[in-house]
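The values are calculated or read from the model by the stated rules, or taken from the named source; none is laboratory data. What you see is a predicted model, and the numbers here were worked out from it, not measured in a lab. Cβ sites come from the backbone with ideal geometry, for glycine too, and all protein chains shown count toward neighbours.
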Amino acid sequence: MDEFLADSLRKMNAETGLLSVLSEQFRNSLDNNFHLFDKHAFRKHEPRQEGRNVLNASLWDIMSTGLSQYPRQLVEERSAEVRKGFYKLLEDEEFVHSITYSSNSVKQVRCRFTKAKAMFEEVFDAYPA
């Protein structure tokens, strides 16, 4: 793992243009998630829930990557649909299991990314991500 991280850092330092693009996508993703969910971003929660739950690394994975590719204006326009799709995922037992138990297993990772991707595609239709 250390070798992988060191290699990744070397590549990132060599590719300043790519690093800039990744940085912008990351910031865009954080803005989009905060716009949609405020203090509940990256947390399992229900609509209109007052208290905050702990951060969920698996939700971080899918929501940070999923919302990194869409412009803020589009996310704002489809906020209700994104929230509806997200809460629908949290009602899906298989999805909840994939973000809660053995979340690092290949099967669980594939499950949550596949379901999240389908939700984003449904919400954003044919927008070229």
Among the residues of region 39-54, is there at least one that is part of a helix (DSSP H, G or I) and under 18 Å from Lys117 (Cβ atoms)? no
Quick one: is Leu89 at pLDDT 95 or above and either in contact with a strand residue (DSSP E or B) (Cβ under 7 Å, 6 or more places away or on another chain) or more than 14 Å from Ala41 (Cα to Cα) (or both)? yes
Scan Val96, Val123, Val109 and give me the residue that is within 15 Å of Arg43 (Cα to Cα) and either free of Cβ contacts under 8 Å to residues at least 60 places away in the same chain or part of a loop (DSSP other than H, G, I, E, B) (or both). Val96
Scanning region 1-46 for residues that are closer than 15 Å to Leu67 by Cβ and among the polar types (S, T, N, Q), the one surrounded by the fewest Cβ atoms within 10 Å (Cβ to Cβ) turns out to be Gln25
Any residue at all in region 14-24 that's modelled with pLDDT of 95 or more and assigned to a helix (DSSP H, G or I)? no
Does Ser58 meet the test of being at pLDDT 95 or above, under 14 Å from the mean Cα position of the chain (by Cα), buried (at least 18 other Cβ atoms within 10 Å of the Cβ) and not in a helix (DSSP H, G or I)? no
Condition test on Lys117, is it at pLDDT 95 or above, under 28 Å from Ser20 (Cα atoms) and either out of contact with any Gly (no Cβ under 6 Å at 6 or more places or on another chain) or in a helix (DSSP H, G or I) (or both)? yes
